[in-house]
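See below for the structure under consideration.
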Amino acid sequence: METWWRALTFTLGYNTSVVTLGAMLLAAGAGMVGTFVLLRKRALVSDAISHSTLPGLALAFIVVGLVQGDGRLLPALLLGAAASAALGLWAVQMISAHTRLGEDAAIGAVLSTFFAFGVVLITVIQSMAVTGQSGLTSYLVGATAGMLISEAQLIAACALGLLLAMVVWRRDLLLLCFDADFARTQGLNTWRLDLLLLMLLMAVVVIGLKVTGLILVVALTIIPPVAARFWTDQPLMMVALAALLGALAGYLGVTLSSVREGLPTGPLIVLAAFLLFLVSFLFSPRRGALASLLAYRRLRRRVHLRQGLLAVAHEEPIFDGLTLKLMRRRGYLRRDGVATPLGLAAARDAEHEERLWALYRELHPDDALHREHAGLVPIGQVLSADAIMALEMQLAPTEGAR
Amino acid sequence: MTDFMTFSLVPLTVAVIISMTCALLGNFLVLRRQSLIGDAISHVALPGIVVSFLLTGMLASSAMMLGAGASALVTVAMIELIRRLGRVEGSAAMGVVFTSLFAVGVLLLEWHGATGVHLDVEHALYGNLESLIWFEGTGPAAFFDPVALADLPPQLGRAAWVGLAVVVFVVVFRRHLILGSFDPDFAASVRARPALIDLLLVTMVAVAAIAAFEAVGSIIVIAMFICPAAAARLMTNRLAAQVAWSQLFALVSAVLGYLLAGHGPGWLGFDASLSAAGMIATLAGLILGAACVAGPRRHRIGVAREA
Amino acid sequence: MMIDARLDKAVIASPLAIHGLTVSYDHRPVVHSVDFVTPPGSLTAIVGPNGAGKSTLLKAALGITPRLSGDVRVFGRPLEHEARHLAYVPQRSSVDWDFPARVIDVVTMGLFRDLHWWQFGTRSLRRRAMESLGRVGMEAFADRQIGQLSGGQQQRVFLARALIQEADLTILDEPFAGVDAATEAAIVEVLKSLRDEGRTLLCVHHDLATVRDYFDHVLLLNVRRIAAGPVDEVFSERHLQATYGGRLSRVQLARLTEPAEIGTEAR
């Protein structure tokens, strides 16, 4: 607990602080790119990118290892990873554009085949006399514990560069995500923009390899944007929020992993992000699950009550079990299904209100459609007292005529 | 010959069974444009196994299968909840769920790594087909020797049972599967229970992924689900023919991949062997690549589904 | 299951009686408290503007989409036990026509309920499928790949799949969307011949100009039921105005609601 506090306050030493900052910058960048990718509805493309880095990593490791005897050289490994990720991305594009297979099959096939080939190359490495082999597995699930300070600085610098790039291009990217056709009419080269977005995504994934590992880096590009979506409808706000949530997840994850020896960083960052997502998913007042569920139940109760009351008013039988239950609970019906005086009064009110709404819809069809209310809200909450009075006046003669 | 029986017979058989089983299910994943469910479920096999191991303390088939089934159902339930209640796009919901559950698996594995578990992250990712050695399989006589047969690696029996179950499932529910893949609304209108069939399919995928887990790991199995079936889709416009092609591709990639991984380096003069699981999947991917370039039915003809 | 004694006679006679059906999306009713008793032996159109909930109403009535409230009965019994009386023709664009299947395979899907898992294709199965295809003029295409069909041909195949079900009530979702004139005429002819056999048809329809020619009953829908009944009584200016909320011009309305001559002349 105390170690965690010191990690949280950046007092656990220079190395840990740099690693923490690097991971935060990276996760912020991933959250931003991820938002654009999510809005472009291609969230799982990053899954293909990350898995297809493995053969490039392994090949770079072999080449560097043959030259200098030890394969660990972060810049070379990242270059190799980027090259094979680009190849994988190209393969996904080609398969989904030129064959009848969907993008889903293309992504699944490419990520698994590339990964499998990477595994084959790793067995090649295992038969070679190259040191630093255990370093390679750290790219699978991530490890910041043994990270060199130069590596952490490189990651932080790249992540910062990416953040800046995205701030510069944010408007073009947003336009692309919202309405690619419109963007095209505005003279934007959407093909190049798509490429730019994918390159940014690839860069984030490749830089993130060392921190979270190649399987979990996907999470950083998906979870924070999805969580951010719960809090805002405004795209730029969503980008900013995703960056913030990502950074927070990185902060929590890295500091937690310094608490005990052998706690893997990647999974902790991902779980921290998931926790943030869970809170957003459950408790967001706008789109959260609890709010949705409550709104659904309220609507259902209103509809059933209204239908039940109208049935009482028209002296029709009620078949629906839920309607009967709600009516009884309100004291509108007796156990044997006969309406109580309270129920009869409520039924008269409901019928009257239904008539007012019907008249309103007839007089102002456009208005009624625009408001899209179903007439379930008491009319007094929607219309002014004068408007209701006018409706009552019109209704009165027809009432009398009955 | 003796060497082959001891070291290669079981791994090769397991590879063939798993490969063909996964390809059979893969046909429906590809047709439903749900390949990524296969991706998600096979990632989630890891936490499923780890949790069932932590609960029962052993790697028994039954516990693993239960763990796999449970984790698959949890995954699907979470994806659907997030998609419906949170109104999140399906693939994004999937990404949220499977990465998080995979993270749980890795975390638990590393946490308990020191206790000498017969499981580690590398195994979970690479698989280890080569470890399925039949020590008593010293000659043809071993096929009739109960003692030697009892020594067969348990993975073989597990793969065989799962393969059988998948075949029975597909044969019995073939009309449900086809109808639900082509026209889910119509399927619901004739009470073919498309949602239930979806769930059953996902569960079968999970069970197959678990059977494959120890042999080929949780990521390479995705290639076995998707690549042969996707390649087969590019060969024909008839469903029965597509299934047949997928089985052929699965068989070829399993046999050839296994032999190439074991003997390929030797032919080149190196004294080493490569990952058989990796090689099988790589070959499956190459077959798909070839089909994409030259498959007779590679182009789309119909109008794609809207939305 | 016994029929509830409190039910109306019309409900018991109807192949599809809907009561208080509400479906919500995004916490907003898209179909609200709709009552509709399909007259047996009728050819009924469901008409309304885009987003009026026409397809949703049908899907909810068939149990494909969950409903918030409401009661659906087939000949007075709950739908759950009587679904075999209904055949459904979804919108053509709702499926992937690149699916590896032949025309005859799609048509035999209509026999799903009659076939057990141990039964494979038989000669009598094929004969029944060919009969259905014959009624829509598509026998020659039986072994054609479905992706190679035109829009109109796809729609005819869907209709053939419903015919093979020999249902009392056939529910069609926009059967005329994006089909050629010849197909439209052929489909109308099949629908009318089904009605003349005493079967009931319920059909989401978009083209106001043809309502009078094709249908005998109409349900005007805009989230709520606006009006329903015989075309001559219900298809009036007042009801259309209420359905479309002032979005139809006077001229349009006059054309639609005048006696049929103008409508036929226009084509």
* Along the charge dipole of the protein assembly as shown, Cβ charges K/R +1 and D/E -1, which of B:97, B:243, A:189 sits furthest on the positive end? -> B:97
* Structure fact -> Neighbours of residue A:233 by Cβ distance under 11 Å: Lys/Arg at +1, Asp/Glu at -1, summed charge +3
* For the stretch C:176-209 and the stretch A:34-81, what is the separation of their Cα centres, given in Å? -> 58
* To do: Order the peptides A:196-202, B:91-97, C:200-206, C:140-146 from the highest to the lowest mean number of other Cβ atoms within 10 Å of their residues.
  => B:91-97, C:200-206, A:196-202, C:140-146
* Amide hydrogen neighbours beyond the local backbone of residue C:24, cut-off 5 Å, H modeled -> C:30, C:68
* Net charge over other residues, Cβ less than 12 angstrom from the Cβ of residue B:139 (K, R count +1; D, E count -1) -> -3
* Where the centroid of each part is defined by its Cα atoms, how far is the stretch C:55-79 from the stretch C:132-168 in Å? -> 27
* Sequence-distant residues sharing a close amide H with residue C:144 (under 5 Å, placed H) -> C:103, C:104
* For chain A, what is the calculated [θ] at 222 nm in deg cm²/dmol (nearest 500), taking -39500 (n - 2.57) for each run of four or more DSSP H residues and dividing by its residue count? -> -26000 deg cm²/dmol
* Asked: From the square roots a ≥ b ≥ c of the eigenvalues of the alpha-carbon gyration tensor of the stretch A:2-284, which class results: rounded (a/c under 1.5), prolate (a/b over b/c), or oblate?
  -> oblate
* Considering only C:149, C:23, C:193, whose Cα is most displaced toward the positive end of the charge dipole of chain C, charges sitting on Cβ of Lys, Arg (+1) and Asp, Glu (-1)? -> C:23
* Using alpha carbons only, how many degrees (0 to 90, rounded to 10) separate the axis of helix B:276-294 from the longest principal axis of chain B? -> 40
* To do: Starting from the Cα gyration tensor of the stretch B:2-216, take the square roots of the eigenvalues, sort them a ≥ b ≥ c, and report rounded, prolate or oblate (rounded when a/c is under 1.5, otherwise prolate if a/b is larger than b/c, else oblate).
  => oblate
* **Among A:252, A:12, A:276: highest mean-square fluctuation, GNM of chain A, C-alpha pairs under 10 Å** => A:12
* To do: Would you list which lysines come within 26 Å of residue C:192, measuring only between C-alpha atoms, while excluding same-chain residues fewer than 8 positions from it?
  => C:9, C:54, C:59
* So in the protein assembly as shown, what percent of DSSP beta bridges are antiparallel if you round to the nearest 5? -> 55
* Quick one: give the max-minus-min coordinate of the C-alpha atoms of the stretch C:1-135 along each principal axis, largest first, in Å. => 46, 36, 29
* Structure fact -> For the stretch B:2-216, averaging the sequence separation of alpha carbon pairs under 8 Å that lie six or more residues apart and dividing by its residue count, the contact order in percent is 37
* Which of rounded, prolate, oblate describes chain C, given a ≥ b ≥ c as roots of the alpha-carbon gyration tensor eigenvalues and a/c under 1.5 marking rounded, otherwise prolate only if a/b is larger than b/c? -> oblate
* Asked: Arranged by the count of other C-beta atoms within 10 angstrom, fewest first, what order do A:332, C:214 take?
  -> C:214, A:332
* About its Cα centre, how strong a charge dipole does the stretch A:290-401 have in debye, to the nearest 20, once Lys and Arg get +1 and Asp and Glu get -1 at the Cβ? -> 960
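Bear in mind that the values in this text are calculations on the coordinates, not laboratory data. The shown structure was predicted, so the numbers you read here are calculated from the model rather than taken from an experiment. Heads up, the Cβs are rebuilt from the backbone with ideal geometry, glycines too, and the neighbour counts pull from every protein chain shown.
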